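Structure first, then comments.
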């Protein structure tokens, strides 16, 4: 009896009593909200206005890392995707694909993280799904989400709207999440007090929109890091983005880990940061508003938008020379040389 | 070949050391630098210290570079 | 970060740049041998701040780039033996061999693990006593002593399932071969930094004495490279040719005796194949007879198949400094970081990778 309760079995995904119990006792009880409590096949609600809709899957390994876990990541990542359109995040779906043998206690810890993150982000998990796959078919736990948010009237933010002369704002130091995760990965591990920056940014974006509607682009620099995100925006808007190396905030611990492993902080994933491209006349007041929010207190202007060369990101190095910052290719691997 | 970075030795146990850089700590091997002591900076390459960094020389190099910078500014 | 950040300071860089600009009058071509130096040069835009009469050319000091296809094919063949775990530095994963790559066969089910250190490979051997763990020994004299140490540790701890495929190479013989080929005329050599940490500065003396080329051993931060160039310029302007150490905090003339001792205990020189240069005598390392039980080549039957060179790839010419990536018809069109034809594009230190990722001389 005790064994059955300790580990997730294939039957937990089977739709029978075991599955039903798992959903009720481990999920619904923790994530409780009127829509979810109904446990209908779909959550039904009214929304008036322009919607933002996103989906994401989370396969982070290890599932627990300094500063968070896959549950917190799933909520924040989805919420942030909605926020990057300027939307107020409302409802999330949550689907688990669980590897047979995952400890129930670990799953419950993750669900608890989900609840806490959802609470802070002001969203509700209104529908979900659970599948269990045989040992070896998934790496402990995969999570898929979808999210719906409401875009305030008059807000139109998109990656192709950057204009020459716009300022580029970064909300905080880069590289925390990627290094925190890699610090736990097998084969390459080291001790660090650094924590993932994983955080929900809906509130920060709302406060930015309150002071100005001249926010042209918003994007969160997740996989591929700041460099890849800036390249995407430069490409979409067909402009050049020019940044200065000395202006980019990086924590010492991240620099140290990057030196040790041969990484460039520009390419490391972040999960609680955003890049905003804004009209130059509003840049200062947007920056001021950001600094008042706990997730934007280290915000800084890192560069501006130029015309040439289109689609490229150019960085001025500490020597005063210019170099291209390209997109990340493939996966980051530790270098020796 | 290349990537070797200066780290500070915080403690030594047998032929291994706990080193620190920018607040990150890691365990490395002292097989190639048995003379290294706690408080030394060593250059670490793929998990092994390959040299004890000469701190005096480091300061001297910086001093030379500062002199060059000053004389270039003046001249 | 101590001893790193200070050597990136902009105002000190300006001083060196200014001095180089007004003291360099003679046209000079300097080669940076080491891939790590190539990366620093491109990452900080050093070529742009040097005066027009100084030309920097990259050499074959990227151990990934110079590993011949035939050798990489051996590693791939090893990985395909059932039960074998290959432990490798991350850099080798994406390099294309004759037919495949370590990354591709990993996706097909081969057990290939990325490690940061031979210590991780040793641990894997201890954690999997029933399976052979083969470490892919790539690298020059900086890395070879660490691999030697791992073999001695395996011996000490009675680890019976640890092997090394030694593809290690030595720098001085290949520099000699490069200079003898007469293909590239140099007025100065930026000598490898961490290789010199191990072997010292004396092994470079033949370059200054026999070939009359100024040599300066450099560190890897931008100020180190600039100081090195400044010292090379000084020698050139004075008509001198000698070996100097700019990287004094990291290199002693006699090198690291303990590292050399361990390296010589475990390895002996052997002929080695260098991409673009063919076989160079005594330029590689193989395990001594005494340590043959750790030698992957002696303990496994390898059937790597015929080795093929990718059509149109001029990595060899680029490695010897006679062509640049822009000369290659495949560069940036067919050969891209996400789809590399040759190793110079995939290695983080390869010339083609540096040109592609950092740009080649941006103005403005």
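Any read-out appearing in this document is the output of simple, stated calculations on the displayed coordinates, not a laboratory observation. What you see is a predicted model, and the numbers here were worked out from it, not measured in a lab. All Cβ positions, even for glycine, are placed from backbone atoms using ideal geometry, and neighbour counts span all protein chains on display.
One table, with the values for the structure above:
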item: Principal-axis tilt of helix C:171-181 within chain C, Cα atoms, nearest 10 degrees; result: 60
item: Nitroxide proxy distance, nm - points 7 Å out along Cα→Cβ at residue A:57 and residue A:108; result: 3.0
item: For chain C: relative contact order, % (alpha-carbon pairs under 8 angstrom, 6 or more apart); result: 23
item: Sites residue B:66 and residue A:155 - FRET efficiency at Förster radius 51 Å, r taken between beta-carbons, to 0.05; result: 0.45
item: Theoretical ellipticity at 222 nm over chain C - DSSP helices of four or more residues, -39500 (n - 2.57) apiece, nearest 500; result: -11000 deg cm²/dmol
item: Net lengthening on full extension, residue C:326/residue C:130 (0.36 nm per residue, minus Cα-Cα); result: 65.6 nm
item: The stretch C:202-269: relative contact order in percent, alpha carbon pairs under 8 Å with at least 6 residues between; result: 34
item: Other protein chain Cβ atoms within 10 Å, averaged over every residue that makes up A:259-269; result: 4
item: The stretch A:2-151: antiparallel DSSP beta bridges as a percent of all, rounded to 5; result: 70
item: Residues listed by number, the stretch A:232-253, amide nitrogen under 19 Å from residue B:20 label point at 7 Å toward C-beta; result: A:251-253
item: Chain A: angle of helix A:104-121 to the longest principal axis, Cα-based, in degrees nearest 10; result: 50
item: Sites residue C:237 and residue C:180 - FRET efficiency at Förster radius 25 Å, r taken between beta-carbons, to 0.05; result: 0.40
item: Calculated FRET value between residue C:292 and residue A:135, using beta carbons and R₀ = 41 Å, to 0.05; result: 0.55
item: Burial ranking of peptide ranges A:311-319, C:175-183 (average Cβ count within 10 Å, highest at the top); result: A:311-319, C:175-183
item: The stretch C:108-170: relative contact order as a whole-number percent, Cα under 8 Å and 6+ apart; result: 41
item: Cβ neighbours within 10 Å from other chains - mean over C:139-151; result: 5
item: 0 to 90° range, to nearest 10: angle between helix C:69-79 axis and chain C longest Cα axis; result: 40
item: Taking C:204, C:274 and counting other C-beta atoms within 10 Å, the order from fewest to most; result: C:274, C:204
item: Inter-chain shielding of C:192-202 (mean C-beta neighbours from other protein chains, 10 Å cut-off); result: 3
item: Beta bridges per DSSP with both ends in the protein assembly as shown, % antiparallel, nearest 5; result: 60
item: Centroid-to-centroid separation of the stretch C:9-36 and the stretch C:212-234 [C-alpha atoms, Å]; result: 7
item: Principal semi-axes in Å for the protein assembly as shown [√(5λ), Cα gyration tensor, largest first]; result: 46, 34, 23
item: Spin-label model distance (nm) - residue A:37 vs residue A:291, 7 Å beyond Cα toward Cβ; result: 4.5
item: Residue-averaged 222 nm ellipticity for chain A, from DSSP H runs of 4+ at -39500 (n - 2.57), nearest 500; result: -8000 deg cm²/dmol
item: Taking C:34, A:198 and counting other C-beta atoms within 10 Å, the order from fewest to most; result: A:198, C:34
item: MRE, 222 nm, helices only [DSSP H, n ≥ 4, -39500 (n - 2.57), over chain B, to nearest 500]; result: -9000 deg cm²/dmol
item: Equivalent ellipsoid, chain A (semi-axes from 5 times Cα gyration tensor eigenvalues, Å); result: 37, 25, 15
item: Full-extension gain in nm, residue C:309 to residue C:268, via 0.36 nm per residue minus C-alpha separation; result: 11.9 nm
